[in-house]
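The values are calculated or read from the model by the stated rules, or taken from the named source; none is laboratory data. Computed from a predicted model, the values in this text were never measured in an experiment. Using ideal geometry, Cβ is built from the backbone for each residue, glycine included, and neighbour counts are taken over all protein chains shown. Remember, those area values only see protein heavy atoms, side chains included, never the ligands or the DNA or RNA. Shrake-Rupley method; radii C 1.70, N 1.55, O 1.52, S 1.80 Å.
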Amino acid sequence: MNLATPIEKLPGTSFLTLKKLKNIEINNYWELLNYFPFRYENYSIVSPISSLQNGETVTIKGKLIEIENLYSKRGLKIQKAKLADASGQIDLIWYNQPYLLRVLKSGMYLSLAGEVKGFFHSLSFVPKEFDIIRDFGQETIHTGRLIPIYPEKKGLSAKLFREKIHYLIEHHCKGNYQDNLEELLPHDITKKFDLLSESAAYKQIHFPRNLQLAKQARERLAFDELFLIQLSSQIVRRDWEKENVGNAFKMETQSLASLQDFIKNLPFELTSAQKRSTREIISDLRKTKPMNRFLQGDVGSGKTVVAATACYFSYLNGYKSLFMAPTEILAYQHYQTLKKLFAQYQFNIALQTRTMKNFINRKRVSKNNNVKKNKINYDLIIGTHALINQNLEFDKVGLVVIDEQHRFGVVQRAKLKEKGLNPHLLTMTATPIPRTVALTLYGELDISLIDELPQGRKSVKTYLVPKEKRQAGYQWIRKKINSDKAQVFIICPLIEESDVETMKSVKAAKKEFLKLQSDIFPQFRLALLHGKVKTDEKNIIMRDFKVKKYDILVATSLVEVGIDIPSATIMIIEGADRFGLAQLHQLRGRIGRSEKQSYCFLYTESGGASIIEKLKFFAKTNSGIKIAEYDLQRRGPGEVFGTRQHGFLNLKIASLADLDLIEKSRQAVIHFLRNHSLKSVANLKTRFKDYKLTQISRD
Ligand code: ADP
Ligand code: MG
C-alpha cells in the first residue's frame with residue numbers, strides 16, 4: 001500500500017463521499033494526507049464523572065445506560081442518555097439529533113467530549129464529539145486529545161476528515177512509515193536546520209500530542225513547501241543561465257537614434273522609473289542569454305509604453321514581437337494604443353485573437369491567408385495569452401511580452417521552444433508583490449520595478465459612502481458630469497464566478513443598469529458591459545466610451561484588469577465589501593489615469609466592523625504595495641494571492657508573511673544545491689516532479 005493509492009480504496013467510504021472528495025481534488029491517499037486542519041479543539045483532559053465542574057470542557061468515558069428521544073413543548077427533540085463510570089453517573093443531553101438513537105445503544109462504552117452544564121442543582125453533559133470504544137485504554141479519534149478541526153467543504157464534515165485521515169495515519173503510515181512517508185530532505189539538511197522528521201510532521205499536524213508539536217509540524221511542512229518552490233526557481237534559473245542560444249540584439253548607431261527618436265516623440269516624458277526599466281530591458285535584450293524579466297508596476301504606472309519600446313527595439317533588429325494580454329478587450333486596447341504610438345513609424349502591428357482576426361489589416365491578409373501563410377510583414381502581433389497556443393507559425397520572433405501575468409511562463413516558454421523559438425521574455429504585472437518575497441520566491445526572475453506614477457497624477461480620492469448619503473453622492477456625480485463632462489464607471493457587486501452565478505451577475509447588472517438609466521441618471525448616456533456581451537460589442541462599447549459617446553459605463557468586475565480610459569475620473573463600486581482588497585485596487589486603478597483629480601465612491605450594505613475597517617483603510621491608501629502588505633497580514637497569502645484572477649502562488653500551508661521561514665528555506669536550498677543533486681535524493685526527486693507538474697498545470 002502506498003500513498004499514491006486511489007481514494008476509492010478507503011474502506012467504508014460511500015460513493016457520494018468519494019465523489020465529494022474528488023470534487024475538492026483529493027484523489028489519493030497522499031492528497032488526503034495533505035488536507036490540513038486549521039485549528040485544534042482541546043479535549044485532552046479526561047475526568048471521572050464525579051469530579052466534573054460546571055462549565056468545563058472535558059472528555060468523559062463510561063458505559064451508556066439508556067438513551068431516549070424526548071419532545072419538549074416547542075416540539076424540540078432532545079436526546080437524553082445516562083452515562084456511568086466507576087465514580088458515578090451523569091445525564092447526557094443532545095439537541096435535535098434523533099439519528100443518535102440508531103447509532104448509540106445502551107451497554108456501549110463511549111468516550112465523549114463536551115461541556116458540563118448545570119441545570120437546576122444537578123450537572124448534565126452536552127457532548128460535542130464521541131467515540132464508541134471497546135475498552136477505556138483504546139485510542140480515541142474525536143475525544144480525549146487535541147482534535148484537529150478541518151475546513152468543511154462541499155458537505156464534507158470535519159469529523160469525516162478526521163476519521164479518514166486518522167485511518168491513513170494508523171494503517172498506512174505507521175507500520176510502513178519507511179515506505180510511505182520517506183524523508184523528503186537529506187539528513188544533513190534536516191539536522192542543520194533543526195527540522196522535525198517528515199513522518200512525525202504528518203502525524204503531529206493531524207493528531208498532535210501538544211500544541212508545540214503541532215506548530216513544529218506545521219513549520220516543517222511549510223518549510224518543505226517553500227523549499228520546493230525555491231528549489232524549482234533556482235533550478236530554472238540555473239538552466240536559464242546555462243543557455244546561451246538566444247538572439248542578442250545589437251545597438252547600432254542607427255537603431256539607437258531611432259529609439260531615441262521614438263521616446264522623444266512620445267506624447268509625454270517617461271518617468272525616471274520607466275527610463276530605468278527600459279534601460280534594464282534593453283541591456284538584457286543585447287545579451288545572447290534570453291531575457292527573462294518581470295516588469296512590476298502599480299496600476300497606471302505606464303508599463304505598456306516600456307514594453308512597446310522593447311518591441312520597437314526588437315523590430316529595429318529585424319525581429320518580430322508578440323504581445324499577449326489576458327483578455328480580448330485588453331488585446332484590442334493595446335492594439336489601438338500601440339497603433340497610435342507608432343502611427344508615424346514603419347512598424348506594422350496586427351491584432352490576432354479568436355474572435356478578432358478581422359481586425360487585422362485586410363489588405364494584407366486576404367480571406368484564406370492567415371498570419372501563418374503569408375509569413376506576414378507584421379512586426380508586432382498582439383493577441384491574448386492563447387496566441388502561442390494557436391496553430392500559427394511565427395518566424396523570427398525575438399521578443400514575447402506577456403501582460404498581466406503573475407507567474408513566470410514556464411509553459412509558454414516550453415511552447416515557444418516547441419516551435420523552435422527562443423525569444424526574450426518580458427512578463428508584466430500590476431499585482432504588488434513585496435520585493436523580498438518576490439526575490440526569494442521568484443528567484444528565477446530578474447525584476448524591474450516601476451515605482452512611481454507619471455508626473456501630475458493625483459491620487460484618487462476615495463470615500464466610503466454611508467447609506468444615507470447615497471442620493472447625495474448621485475447628485476454630486478450629476479453635477480460633475482454636467483459641469484466637467486466627467487465620465488463614470490459604476491461597478492456592480494461581485495457575485496461568485498461559476499456558470500450559474502455568471503448568469504446571476506449578468507441579471508443583477510442588467511437590473512442595476514435599468515434602474516440607473518430610468519431612475520437615477522435618465523438625462524445621461526449609459527452603456528452596460530458584462531460577461532455575456534460579445535467580444536466585438538464589448539470592444540465597440542469600450543471604444544465609444546473612450547471617445548465620450550457615453551457618460552456612464554455600468555459594468556461587472558470585467559473592467560478590472562488593465563482597461564485604460566484616462567478621461568474617466570469617477571467610479572462607484574457597489575457592494576464594495578464583496579471585493580478583495582487587491583481587486584478593489586485593480587478596479588480603482590481604472591481611474592486616476594490622467595492629471596485630473598479622480599474620485600472613487602465605495603457603496604456597501606454591510607456594516608460589519610472588520611469590513612468597514614478594511615474599506616476605510618483602502619479609502620485612505622493608494623499604494624498597491626501597502627494594500628498588499630495589509631492584506632497579507634489580515635488574511636494570509638493564500639487568500640491574497642490565491643484567487644484565480646490574481647493567483648500565482650497557491651501555497652497550501654506556508655505563509656508569504658513568514659519571512660524568517662522563507663529565509664531559512666532559501667539557505668537550505670543553497671546548501672542543498674552545493675552539496676547534493678536532485679538525482680541522488682529519490683523522494684525529493686519524485687516530489688519535485690509532482691510539484692512541477694501541479695505548478696505547470698496551474699499556469
Ligand atoms: P499600466 O502600467 O497599468 O499598464 P498603462 O501602460 O496602461 O499603465 O498606462 C497608463 C496611462 O498612463 C496611459 O494612458 C498612458 O498613456 C499614460 N502614461 C504612461 N506613461 C506616462 C508618462 N510617463 N507620463 C504621462 N502619462 C503616461
Ligand atoms: Mg496594463
Subject >> Matching residues in segment 181-193 - criterion: being in a loop (DSSP other than H, G, I, E, B) and under 31 Å from the mean Cα position of the chain (by Cα) >> reply: Leu181, Glu182, Glu183, Leu184, Leu185, Phe193
Subject >> segment 206-248, residues that are in a helix (DSSP H, G or I), open to solvent by 40 Å² or more (accessible area, probe 1.4 Å) and of a type outside the set (A, V, I, L, M) >> reply: Gln212, Lys215, Gln216, Arg218, Glu219, Gln234, Arg237, Arg238, Asp239, Glu241, Lys242
Original post:
What do you reckon, is Leu295 open to solvent by less than 10 Å² (accessible area, probe 1.4 Å), away from ligand 2 (no atom under 14 Å from the Cβ) and not in a helix (DSSP H, G or I)?
Top reply: no
**OP:** Mind listing whichever residues of segment 573-610 are at negative phi, touching a Cys at 6+ places or on another chain (Cβ under 8 Å) and more than 15 Å from ligand 1 (Cβ to nearest atom)?
**Re:** Ile573, Glu574
Original post:
If you scan segment 219-230, which residues turn out to be closer than 18 Å to Asn34 by Cβ and within 21 Å of the chain's Cα centre (by Cα)?
Top reply: Leu221, Ala222, Phe223, Asp224, Glu225, Leu226, Phe227, Leu228, Ile229
Original post:
Of the residues Ala81, Ala113, Ala86, which is of a type in the set (A, V, I, L, M) and closer than 23 Å to Tyr35 by Cβ?
Top reply: Ala113
Original post:
When segment 562-594 is examined, which residues are found to be of a type in the set (Asp, Glu) and either open to solvent by less than 10 Å² (accessible area, probe 1.4 Å) or within 15 Å of ligand 2 (Cβ to nearest atom) (or both)?
Top reply: Asp564
**OP:** Take the residues in segment 390-448 that are within 30 Å of Leu632 (Cβ to Cβ) and charged (D, E, K, R), then tell me which one is modelled with the highest pLDDT.
**Re:** Asp403
**OP:** Mind checking which strands (runs of 3 or more DSSP E) fall wholly inside segment 21-104 and carry at least 2 residues that are basic (Lys, Arg) and surrounded by 19 or more Cβ atoms within 10 Å (Cβ to Cβ)?
**Re:** none
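One line per residue, one yes/no per condition, for (1) in contact (Cβ under 8 Å) with a residue 60 or more places away in the chain; (2) over 29 Å from Pro267 (Cβ atoms); (3) over 23 Å from the mean Cα position of the chain (by Cα):
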position: Phe579; (1), (2), (3): yes, yes, no
position: His585; (1), (2), (3): yes, no, no
position: Arg593; (1), (2), (3): yes, no, yes
position: Ser598; (1), (2), (3): yes, no, yes
**OP:** Please go through segment 267-292 and pick out each residue that is more than 16 Å from ligand 2 (Cβ to nearest atom) and farther than 19 Å from Leu421 by Cα.
**Re:** Pro267, Glu269, Ser272, Lys275, Arg276, Arg279, Glu280, Ile282, Ser283
**OP:** Report the residue count in segment 316-339 for those that are in contact with a strand residue (DSSP E or B) (Cβ under 7 Å, 6 or more places away or on another chain), more than 11 Å from ligand 2 (Cβ to nearest atom) and part of a helix (DSSP H, G or I).
**Re:** 6
